[in-house]
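Data first, discussion second: the structure below is written as structure tokens.
The values are calculated or read from the model by the stated rules, or taken from the named source; none is laboratory data. Because the structure is predicted, anything quoted here is derived from the model rather than measured. Virtual Cβ from ideal backbone geometry, glycine too; neighbours counted across all protein chains shown. Accessible surface is based on the protein model in full, side chains and every heavy atom, while ligands, DNA and RNA are left aside. Shrake-Rupley method; radii C 1.70, N 1.55, O 1.52, S 1.80 Å.
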Amino acid sequence: MPPRKHKNKKSHHQRQQQQVNKSNSSKKETSNIRKESEDYETTNIQLPYKLEHSNIVGRYLVASRELKAGELLIIEEPLAIGPCVSSDAVCLGCYKPVKLNGVQYRCTSCCWPLCSVKCKGLYAATGHTIEECDLLKAQKNTTSLSATTSATIVKNLYELILIVRILLMKQHSPEKYAKIMLMESHSELRKQNADLWQHYQQNVVTKLLDEWHMASYTADEIHTVCGILDVNCFEIGQNSAKARTLYPNAFLLAHDCSPNTSHTDDPNTFAIVLRTSRHVQKDEALTLSYAYTLQGTLKRRDFMHAGKLFWCFCQRCSDPMELGTDCSAIICAKCKKGSLRSSDPLNQDADWICDNCDNTLISKDLVNLLDKINDDLESIDVHDVSGLENFLKRYSEILRFNHYLLLSAKYSLCQIYGRIEGYLLNNMSFEDIKRKEKYCREFLAVIDILEPGLTRLRGLIMYELHAPIMLLSRHLMQNGLISKTEFHRNIQEVTNLLRQSHEILEMEPPGSSEHQMGLAAADALIKMGCK
């Protein structure tokens, strides 16, 4: 499910883009493109994309021809992979959660926890390599992990792993290391952010140089790797595994908060699979979102500036109503009728003004309010139906109907209604089935705008929506509350939802839960005699 709260690229979370669009309609200045960019474009003439350059966004990809929705753009295995930032304990081979207790299997050499002796990532290039093991073995006194190790220390240690893996590539995989070093690190910009620079200096650079005795590397090298990861990494994961990765070309896609591509990852190889999610014109920039869909503009822009070091000026960010979804508006506390929206969404410090009265809320107070509500949402277990329903009731008089925090709670309810004990489909009350349908429709209406086309989130919510429509239609028909014509119209909607869900989710990698849902949609169509 979509994360509720940003934490790098993990937790439950432009004028630049305008320049990209402008550059698409004009002749590109090739004199400023680096030699490796020219070589890349020359050797990839037949690909559905080509490399362009802008003085604003740097290198980025555009469609080399007109592209249909669902066309495969990129499939490539990671150059580097490791645990996420702020990661809990995971297996260093496959990135699935592990325990730090005495019975957890551990590497016999370095004693770091692994899922089992049969882990596919043990001594594999995408997992716990021999070189890494030798280094960690030498750090046993400073990297001891046990059930009593504080959560902060655990997270800090796991953050080091991918950084160390990339540094080790300099000796053991120089070709991959060279490719990674071509990626932008924004080191000069990062130096201007004193808090960010000091965080990495204390928690990464000093630790690796002074405690891990990695004297063959310089502080600048380590900072560069940290910057490259912050700017270019993807967070991936299937079937409870979570990792962050660097890919050879996928990082070149430009950002947009309503992108024209979607991506997934193979649970076996960790390869990224990137496709167009809608029709794309020739020379149109290929975009993905570096932020989460279920975040308001204020939080999205802040997240991207903190991690990617740019302020987004895309169409969604520029619109106070976020492409008409209004998923950031709050109810005016003074008149109770109007909505407060940012007076200038491209200014993080702009006042929020009511559209019905003279009430104004300063940005700082709004952020404090949203953080408080978000913390409340975070405190609710994602399987707690009553807790989530109460959350919706408590804040329906503060947040507007489509506010992203309400949408996040609704999406959780869309998933757990019909799936957990006490709320299984066959045992759900008529009222609960109607609630599931209502939340699914409300959520889908927003996603149809923010993530249109063949996107995973649409496929998932369409599958969730088909069941309550079917159950309610049968109930109403059996009780003579709707006509046969209305019943058949509803069943046709169910059929359309299942077909679209199958079309989208069958593109997910085999073995993933989303792919299994796509197969279930196809099976449901067969049972209905529709396929």
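One table, with the values for the structure above:
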read-out: Entries of 337/393; 299/410; 99/137; 176/299; 438/484 with Cα pairs more than 26 Å apart; value: 176/299
read-out: Distance histogram for the stretch 143-275 (every C-alpha pair counted, 5 angstrom bins, percent rounded to whole numbers); value: 2, 8, 17, 19, 20, 16, 11, 5, 1, 0
read-out: Percent of C-alpha pairs per 5 Å bin, the stretch 213-367, short to long; value: 1, 8, 14, 16, 15, 13, 11, 9, 7, 4, 2, 1, 0
read-out: Accessible-area composition of the stretch 69-170, carbon plus sulfur, in percent [1.4 Å probe]; value: 56 percent
read-out: Inter-label distance for residue 513 and residue 65, nm, one decimal - labels placed 7 Å from Cα along Cα-to-Cβ; value: 3.8 nm
read-out: Apportionment of accessible area to carbon and sulfur, the stretch 428-514, percent (1.4 Å); value: 51 percent
read-out: For the stretch 361-420, projected area of the alpha-carbon convex hull averaged over all directions, nm²; value: 4.0 nm²
read-out: Overall form of the stretch 259-299 per C-alpha gyration tensor (a/c, 1.5; a/b vs b/c); value: oblate
read-out: Under 5 Å, built H, 5+ apart or other chain: amide partners of residue 74; value: 274
read-out: Taking the convex hull of Cα positions in the stretch 127-175, its mean projected area over all directions (nm²); value: 3.8 nm²
read-out: Simple label model, 7 Å out from Cα along Cβ direction - residue 481 to residue 181, nm; value: 6.9 nm
read-out: Whole-number accessible area per residue in Å² for the chain, which is evaluated in the context of all protein chains at 1.4 Å; value: 45 Å²
read-out: Cα-based equivalent ellipsoid, the stretch 378-507: semi-axes from gyration tensor eigenvalues, Å; value: 24, 19, 14
read-out: Extended-chain gain in nm, criterion 0.36 nm per residue less alpha-carbon gap, residue 240 and residue 99; value: 49.4 nm
read-out: Under 16 Å from the residue 142 label point (7 Å along Cα→beta-carbon), backbone N, the stretch 181-212; value: 200-212
read-out: Largest-first principal axis extents, alpha carbons of the stretch 456-523, Å; value: 43, 19, 15
read-out: Debye-sum result for the stretch 219-303 in log10 I(q)/I(0), which assumes one identical scatterer on each alpha carbon, at q = 0.24, 0.25 Å⁻¹; value: -1.30, -1.32
read-out: Using alpha carbons only: equivalent-ellipsoid semi-axes of the stretch 275-370, gyration tensor based, whole Å; value: 28, 15, 11
read-out: Computed P(r) (all Cα pairs; the chain; 20 Å bins; percent); value: 20, 52, 27, 2
read-out: Additional length obtainable on full extension of the chain from residue 202 to residue 349, 0.36 nm per residue less Cα span; value: 49.9 nm
read-out: Ordering of 225-235, 317-327 by packing [mean C-beta count within 10 Å, highest first]; value: 225-235, 317-327
read-out: Distance (nanometres) between label positions extended 7 Å along Cα→Cβ at residue 492 and residue 392; value: 2.9 nm
read-out: Of all accessible heavy-atom area on the stretch 352-391, the percent that carbon and sulfur account for (1.4 Å); value: 48 percent
